[in-house]
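Below: one structure, written as structure tokens.
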């Protein structure tokens, strides 16, 4: 299947070197260098919020490359949280599963069977919406979370509980 917004549906046997490097560039290299450049600009007491994925706790062999990069984001989050703690900068990640956005539009949009399947796997019985994730990110960016760092917030709607 063709790449969609930087992820490719493929098992390890069919996941090429080019596919791997593209995944790495988008999902690992870009956040790494954005944070690296931003460290001189972020104030002490600031917030860094990374986007991981529910695929780091639910095995989906057909998106191995994507899952691998999101696992790297979780390690990045933990390491940064420890490193930036003395500056009181919190670092956390949010791990959605399927959210009704353009990355999933090709298989989810207008496909009632796919939507029903996703909803059935969620304890909350529905497909995630962008606002579901945005509100978690906004909370993590707030001062109320000043004592939360190095955490992954599972934002899967209780998928596969």
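Every number here is computed from the coordinates shown, using simple stated rules; none is lab data. Since we're looking at a predicted model, the values are computed, not measured. Cβ sites come from the backbone with ideal geometry, for glycine too, and all protein chains shown count toward neighbours.
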If one takes the longest principal axis of the Cα atoms in the chain, at what angle in degrees, from 0 to 90 and to the nearest 10, does the Cα axis of helix 64-84 lie?
10
The chain: calculated mean residue ellipticity at 222 nm from DSSP helix runs of at least 4, using -39500 (n - 2.57):
-12000 deg cm²/dmol
Starting from the 7 Å offset along Cα-to-Cβ, what nm value, one decimal, do you get for the label separation of residue 113 and residue 34?
3.6
Net lengthening on full extension, residue 82/residue 11 (0.36 nm per residue, minus Cα-Cα):
22.2 nm
Sticking with the crude label model, points 7 Å out along Cα→Cβ, report the distance from residue 161 to residue 62 in nm, one decimal please.
2.6
Packing rank of 88-94, 32-38, where each peptide gets the mean count of other beta carbons within 10 Å, highest leading
88-94, 32-38
Taking the 0 to 90 degree range and rounding to the nearest ten, how far is the long axis of helix 112-121 tilted relative to the main principal axis of the chain, both from C-alpha atoms?
50
What distance in nm separates the two pseudo spin-label positions at residue 75 and residue 101, each 7 Å out from Cα along the beta-carbon direction?
2.3
For the range 93-161 and the range 36-66, distance of Cα centres in Å:
14
